[in-house]
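Peer 1: The structure follows.
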Amino acid sequence: MKLLTFGLLTVAGLLARATQATFRLDEAGGIGGLRFEEPAASTIKLNPSFNGLGKRWRVTTLFVRPNDTTRLGGLGAPSTYWFRADRFIGIDKTLTSADAVQQAYQLLSAQYGPAQPDTLPNSWYWLGKRSYILLEKTDKKHGMLFMASLGMLNEQVHETAVRARARRLLGWRPDSLGLPRQYPNR
């Protein structure tokens, strides 16, 4: 199966096949004018959104962006911007209807090819060399879309197919920033 390249790599090959890119990850490797691994104190206005409890949230902060003009195809602006160890790692987008989940699936499949099924039911992913997209149908009417650098894979709290594939094909390894080692024997 052919590995897609997007994120930090130029997406010119993909864009040549689709004259109007539905989703266009920045050629510099990011979303909405933020490059992956860019510090939170960038020139783009962000407001803190959520800090949870537990070890994971010692190193992870979520932000919202007032008056966000970033558009993810026809799905609207990202819901939150994720930063880990003060570096931008990706976005999530809450999908508020079954139609929006289906629309996202169709848009992404048209842009990046067939999706790979993830470990959880009703969950699909597209993996590039330095970034990935994860689409989850969370219940009958809602879903979540994640567009992120491989660093966001550290935020997944259980093993998934996209994590396993990133390890196997790309040599990605989970880090332990503020967390116990996830795979002590590796």
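The values are calculated or read from the model by the stated rules, or taken from the named source; none is laboratory data. Keep in mind that what you see is a predicted model, and the values were worked out from it rather than measured. Don't worry about glycine lacking a Cβ; one is built from the backbone with ideal geometry, like all the others, and counts go over all protein chains shown. Remember, those area values only see protein heavy atoms, side chains included, never the ligands or the DNA or RNA. Shrake-Rupley method; radii C 1.70, N 1.55, O 1.52, S 1.80 Å.
Peer 1: For the range 153-162, what are the residues that are closer than 18 Å to Asn122 by Cβ and either at pLDDT 90 or above or in contact with a strand residue (DSSP E or B) (Cβ under 9 Å, 6 or more places away or on another chain) (or both)?
Peer 2: Across the range 153-162, the qualifying residues are Gln156, Thr160, Ala161, Val162.
This table checks each residue for (1) among the acidic types (Asp, Glu); (2) out of contact with any Phe, Trp or Tyr (no Cβ under 9 Å at 6 or more places or on another chain); (3) at pLDDT below 90.
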| site | (1), (2), (3) |
| --- | --- |
| Gly73 | no, no, yes |
| Ala77 | no, yes, no |
| Trp82 | no, no, no |
| Asp86 | yes, yes, yes |
| Lys93 | no, no, no |
| Ala98 | no, yes, no |
| Val101 | no, yes, no |
| Leu107 | no, no, no |
| Thr119 | no, yes, yes |
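Peer 1: Right, next: Do any strands (runs of 3 or more DSSP E) lying entirely in the range 76-144 carry at least 1 residues that are open to solvent by 70 Å² or more (accessible area, probe 1.4 Å) and within 18 Å of Gln156 (Cα to Cα), and which ones are they?
Peer 2: Numbers: elements: 80-84, 87-95, 123-127, 131-137.
Here the list reads 87-95, 131-137.
Peer 1: Is it the case that the range 172-179 has a residue that's at pLDDT 90 or above and open to solvent by 30 Å² or more (accessible area, probe 1.4 Å)?
Peer 2: No, every residue in the range 172-179 fails to be at pLDDT 90 or above and open to solvent by 30 Å² or more (accessible area, probe 1.4 Å).
Peer 1: Please specify each residue of the range 145-171 satisfying the condition of being farther than 18 Å from Thr119 by Cβ and surrounded by 14 or more Cβ atoms within 10 Å (Cβ to Cβ).
Peer 2: Step one: filter the range 145-171 for residues farther than 18 Å from Thr119 by Cβ, giving 147, 149, 151, 171.
Once the filter is applied, which keeps residues that are farther than 18 Å from Thr119 by Cβ and surrounded by 14 or more Cβ atoms within 10 Å (Cβ to Cβ), the range 145-171 yields Met147, Ser149, Gly151.
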